[in-house]
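Take a look at the structure below.
The values are calculated or read from the model by the stated rules, or taken from the named source; none is laboratory data. It should be emphasised that the depicted structure is a prediction, and the values quoted were computed from it without experimental measurement. Here the Cβ positions follow ideal geometry from the backbone for every residue, glycine too, while neighbour counts run over all protein chains shown.
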Ligand code: PXG
């Protein structure tokens, strides 16, 4: 057992006595943090009562996708969130330029979502999802179908984007099999694609660091080339003109493997994690034509793009391309409770509904599929998006973000700027011999100046919540400009 995890009293600073009296951690937090005084501090754990954790208390948590030793030497903590902001435990306000991690699309701690979760938690904590149901799951599925592209009429729930991707890949394989084409087993992804961290997702994904440590992964996977090419597309506003022909590489893979072996192609309409890469004009349309021609399913991984990021409910609608399945997660609950899912066309769903009525049609699902707290959060979130017209707002604010980002052209180190919807990226020239170092320092500089951005390799990414104000967009890009002027 490690320090700080061995027993709760160890977690309290010495001599604190009663936890809520004057001079206690909670009281200090109220005085010193700058939290609005009318908002009660709701920290639930003993550790979160403290403004600073002792280094001994940081070891137990093995942090995901994090330089653990670097972080633990100089932690960046947040303790509270509201609207467009986080607050550190010391009370410093941070403007969130990335919706958490592409997920809090409605902004943080929105009251209708918080209240829906609270109410549901007090009513029913959990309901089995296998051979049983609860009304909120059906309600949420109906609401998702209502805003989904035409013909995408069925929703399978899981708990994350990674699970959504595995679910979609499994449905693709099973669908071909129930139709008597079980020989279609090959899956096609794309270089620089990100589809989460399950074995299915890393197999079709195209990020070397996420793949190379983990063995052979799934067999029978191939990849399309990335569409990212600065020689042709640097400083494009919106979707690049160059690159639609890269979809024709799918024809080459069909020639190589034969269409009869290929089950599905999975791509992100806009690739987020690898640095916010927008599809060349006509590229997604071409992928749709080729997949249809060869009887190959097309899966859009919309974990990032769904629920307003591109200025519509789904990127599929923005691009006018309807795939066979859409994966989603993140924005469905505005990041408040983990949830993911797959939206399937009726053609996919109905093929499974053919056996004896008493038989389970798909041997797949999770203990927490359609978790009732996530469903409550999801229903409230979709209602909030609608009530506040947030998808339309994203569309209206997109040109503001575009102009602000492109005003950074000519700033030090900047080699590309790209944008679309409420997403954008600024790519930096790597520091010779130190890949990622300049960009990480830029990320840290922004954090120190009170703006949270995201670093992906040499790329600084922006994805503010759909409630973002013009002045906040200016604050994000002005901060980046200042930091770039100082970073070596
Ligand atoms: N597909 C896509 C397209 C994603 O972007 C996943 C699947 C996996 O989702 P889960 O919920 O399993 O993490 C993602 C996740 C970033 C960043 O900085 C992006 C993601 C997650 C964390 C950080 O761009 N995308």
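Can you name every residue in segment 344-371 that is farther than 23 Å from residue 147 by Cβ and either without any contact (Cβ under 8 Å) to a residue 24 or more places away in the chain or not in a loop (DSSP other than H, G, I, E, B) (or both)? Once the filter is applied, which keeps residues that are farther than 23 Å from residue 147 by Cβ and either without any contact (Cβ under 8 Å) to a residue 24 or more places away in the chain or not in a loop (DSSP other than H, G, I, E, B) (or both), segment 344-371 yields 351, 352, 353, 355, 356, 357, 358, 359, 360, 361, 363.
Being over 15 Å from residue 267 (Cα atoms) and buried (at least 20 other Cβ atoms within 10 Å of the Cβ) is the filter here; which residues of segment 310-324 pass it?
Our first condition is that a residue be over 15 Å from residue 267 (Cα atoms); within segment 310-324, this holds for 310-313, 317-318, 320.
Residues satisfying the conditions are 310, 311, 312, 313, 318.
Of all residues in segment 430-473, those satisfying the criterion of being in contact (Cβ under 8 Å) with a residue 40 or more places away in the chain, under 24 Å from residue 392 (Cα atoms) and in a helix (DSSP H, G or I) are 470, 472, 473.
Segment 23-103 holds helices (runs of 4 or more DSSP H) entirely within its bounds, and those carrying 3 or more residues that are within 17 Å of residue 452 (Cβ to Cβ) and modelled with pLDDT of 95 or more map to 99-102.
Being within 21 Å of residue 132 (Cβ to Cβ), modelled with pLDDT of 95 or more and either in contact with a strand residue (DSSP E or B) (Cβ under 6 Å, 6 or more places away or on another chain) or within 16 Å of the ligand (Cβ to nearest atom) (or both) is a condition met by at least one residue of segment 347-355. Condition test on residue 311, is it assigned to a loop (DSSP other than H, G, I, E, B) and either more than 16 Å from the ligand (Cβ to nearest atom) or out of contact with any helix residue (DSSP H, G or I) (no Cβ under 7 Å at 6 or more places or on another chain) (or both)? In short, yes. Scanning segment 177-192 for residues that are within 13 Å of the ligand (Cβ to nearest atom) and either surrounded by fewer than 23 Cβ atoms within 10 Å (Cβ to Cβ) or free of Cβ contacts under 8 Å to residues at least 24 places away in the same chain (or both) yields a single hit, 192. I'd like to know if segment 248-271 contains one or more residues that are touching a helix residue (DSSP H, G or I) at 6+ places or on another chain (Cβ under 8 Å), more than 10 Å from the ligand (Cβ to nearest atom), closer than 26 Å to residue 385 by Cβ and at pLDDT 95 or above. For segment 248-271, residues touching a helix residue (DSSP H, G or I) at 6+ places or on another chain (Cβ under 8 Å), more than 10 Å from the ligand (Cβ to nearest atom), closer than 26 Å to residue 385 by Cβ and at pLDDT 95 or above: absent. What do you reckon, is residue 427 part of a helix (DSSP H, G or I), modelled with pLDDT of 95 or more and within 21 Å of residue 230 (Cα to Cα)? No, not satisfied.
Per-residue answers, yes or no, for (1) in a strand (DSSP E or B); (2) free of Cβ contacts under 8 Å to residues at least 60 places away in the same chain:
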position: 260; (1), (2): no, no
position: 264; (1), (2): yes, no
position: 279; (1), (2): no, yes
position: 288; (1), (2): no, yes
position: 326; (1), (2): yes, no
